[in-house]
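Notes follow once the structure below has been shown.
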Amino acid sequence: MKRGLLLLNMGGANSVDEVEMFLRNMFSDKNILTMNRYIRALVREIIVTKRLDEVKDNFVKYLGGKSPLPEITNSLVEKLRGRLDMPIAPAMRYVPPFATEALEQFQKGGVEELILFPMYPQYSTTTTLSSVEDVEDRCKDLGYEPKIRVVEPYYDDYDYIKMSVDKIVEALGDNDSQEYDLLLSAHGLPMSIIKAGDPYQNQVEGNVSAIRIYLHERGIKFKNIKLVYQSKVGNSAWLEPNLVDVLRTPYNRKVLIYPLAFTIDNSETVYELDIEHREIANKIKYDDYRVAQCFNDSDEFAEFIAKKVKSL
């Protein structure tokens, strides 16, 4: 049976012109805004109107007019092609390249089994489910009926945890870990989504526990290790503690932030964590503020994905 691989992610604007598309598509997603479609459309317009100009300005000023995510993803795909004998493509949820483009090629090429690798380590209805449903809907529109297999969440996989700690150690450099607070930063979610049964919070907490255990095994001690959540939007209750609140009331002025819910750097790591939140740390006069990089297109991450795919 001929197989094909799709890397699922939300995507990142390829240019300033795509920022509005990203926002509109994201806030049109029933898994993101879980109200009825009429209220969702109203809320979407309010959010997009309020945020569009600021987000566009930040893209130009700090990101060179585009998200780093598409380019890094393409590089990762090239590395995977050297490890897996199958067609491989990215499938972004909110901006091109959308899944349809790859699915059309897979259909023409006779791919009978579709393997979906979520670039989200922890499962959420807002990420993995949304992306998988999108692929299923697009297959239906094409009259394409491959067998679909989804790689399981890997938030507590030993190799994933090892790669995470390697990134933390890399960001620490030659500094003494015992002088730093390690802030494990996951993307936040509204409590309404968690209360509806989304497993994300439990998996994030499991991820943090696994990192704590692995750090202990390697004899790496931080002053404190704390789970925080970033990227809150609006006034409703979200998962806490909020990273901004933690940074504004420091117990320790040396921090290292590891982006727990991302595997590829994007505007929420490169801009939000490394620029916007760094400004808070600078105003409060932190002694050191460090942000670890994501796995990106590293050989280790490419090997990790290839191993997962081969095991199916």
Self-check item: Under-5 Å amide H pairs with residue 227, H placed in peptide plane, nonlocal only
Solution: 184
Quiz item: What is the set of long-range amide H partners of residue 294 at a cut-off below 5 Å, with H atoms built 1.01 Å from backbone N?
Solution: 265
Exercise. Report ³J(HN,Hα) in whole Hz for each residue of region 199-212, in order, from the Karplus equation J = 6.51 cos²θ - 1.76 cosθ + 1.60 where θ = phi - 60°; Gly and Pro get x.
Key: x, 3, 4, 4, 6, 4, 5, x, 4, 5, 4, 5, 5, 4
Practice problem: For region 35-50, take each phi angle, set θ = phi - 60°, evaluate the Karplus expression 6.51 cos²θ - 1.76 cosθ + 1.60, and give the result in whole Hz per residue in order, putting x for glycine and proline. | Solution: 8, 5, 5, 6, 5, 4, 4, 5, 4, 4, 4, 5, 5, 4, 4, 6
Quiz item: Across region 135-141, in residue order, what do the Karplus-derived ³J(HN,Hα) couplings come to in whole Hz, using 6.51 cos²θ - 1.76 cosθ + 1.60 with θ = phi - 60° and x for Gly and Pro?
Solution: 4, 4, 5, 6, 4, 4, 4
Practice problem: Can you figure out the FRET efficiency of residue 24 with residue 175, using R₀ = 35 Å and their beta-carbon distance, to the nearest 0.05? | Solution: 0.25
Quiz item: Under a point spin-label approximation (7 Å from Cα along Cα-to-Cβ), what is the residue 205-residue 218 distance to one decimal in nm?
Solution: 2.5
Self-check item: Theoretical gain in end-to-end length, residue 15 to residue 310 [0.36 nm per residue, Cα-Cα removed]
Solution: 102.7 nm
Quiz item: With each run of n ≥ 4 DSSP H residues scored as -39500 (n - 2.57), what mean residue ellipticity at 222 nm is computed for the chain after dividing by its residue count and rounding to the nearest 500 deg cm²/dmol?
Solution: -13500 deg cm²/dmol
Practice problem: Please work out how much length the chain gains when fully extended from residue 129 to residue 145, using 0.36 nm per residue of separation minus the C-alpha to C-alpha distance, in nm with one decimal. | Solution: 3.9 nm
Quiz item: If you work out percent of Cα pairs over 29 Å apart from the coordinates, which of [x] 41; [y] 37; [z] 45 do you get?
Solution: [y]
Quiz prompt | Cut-off under 5 Å, modelled amide H: who pairs with residue 238 long-range | solution = 191
Quiz item: For residue 105 and residue 299, FRET efficiency with R0 = 22 Å and r from the beta-carbon atoms, rounded to 0.05?
Solution: 0.25
Quiz prompt | Cα centroid of region 86-109 to Cα centroid of region 270-299, whole Å | solution = 32
Practice problem: Identify, among 193, 249, 214, the residue whose Cα sits farthest towards the positive end of the charge dipole of region 158-291, taking +1 on the Cβ of Lys and Arg and -1 on the Cβ of Asp and Glu, with the dipole about the Cα centre. | Solution: 249
Quiz item: Cα to Cα, under 12 Å, and not fewer than 8 places away if on the same chain: which aspartates and glutamates meet these conditions relative to residue 56?
Solution: 17, 18, 20
Self-check item: Length gained when the stretch residue 159-residue 112 is fully extended (0.36 nm per residue, less Cα-Cα span)
Solution: 14.0 nm
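Read-outs throughout are calculated quantities, based only on the coordinates presented, and are distinct from any laboratory measurement. Just so we're clear, the structure is a prediction, and the values are computed from it rather than from any experiment. Using ideal geometry, Cβ is built from the backbone for each residue, glycine included, and neighbour counts are taken over all protein chains shown.
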